[in-house]
Every structure is written in C-alpha cells, then in structure tokens.
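Presented below is the structure to which this report refers.
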Amino acid sequence: MNHVYLERHDTENNMHRFYQMFVTPGLFDDWSLIKEWGRVGSPGTVRKEWFTTEQDAELASQKISSKKIKKGYRLK
C-alpha cells in the first residue's frame, strides 16, 4: 500500500489544508486510489477511484501529487 500525505498552510488567509492518498488492492483483482482532503484537524472528504492495475493507480496518484505540489502543498 502506497501512502502520500500533503499539507498546505497559509496563515494570512487562515488556510490549513491536507490531501492524502492511498493505493490499495481491491477484492476483484483491481486497485483503488483512495483520496481524502479537507481542513487539518477535521474529518475530510473521501473519494475512491478504481483501476485495473497497481501501476495505473500509482501513476494517477503521482499526477495528483505533482499538481498539488505546484499549488503549494508540501509532503509531510
């Protein structure tokens, strides 16, 4: 299972956000990318995407991570 956790802090605008992703195997020989995001310290919104291979799920996770890092998120 692959796990990525990112945070973005902007104290001037009182913004303290997180974004995390997990790549996990499914029950039917598939793979899921579980994404969660929200304000640090509170429960976040959770969404799942399914993929046929682990490599596809990992690639999707990497693409999202790079977009978030460009927006100011940092790995924790």
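Quick rundown of the values:
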| read-out | value |
| --- | --- |
| Strands (runs of 3 or more DSSP E) wholly inside region 1-42 containing at least 2 residues that are in contact (Cβ under 8 Å) with a residue 60 or more places away in the chain and within 28 Å of T53 (Cα to Cα) | 2-10 |
| Hits in region 43-68 (condition: of a type in the set (V, I, T), outside any strand (DSSP E or B) and surrounded by fewer than 14 Cβ atoms within 10 Å (Cβ to Cβ)) | T52, T53 |
| So S32, is it hydroxyl-bearing (S, T, Y), open to solvent by less than 60 Å² (accessible area, probe 1.4 Å) and at pLDDT below 95 | no |
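The values are calculated or read from the model by the stated rules, or taken from the named source; none is laboratory data. All of these numbers come straight from a predicted model, not from anything done at the bench. For neighbour counting, all protein chains shown are included, and Cβ atoms are generated from backbone atoms with ideal geometry for every residue, glycine included. Only protein heavy atoms, including side chains, enter the accessible area calculation; ligands, DNA and RNA are left aside. Shrake-Rupley method; radii C 1.70, N 1.55, O 1.52, S 1.80 Å.
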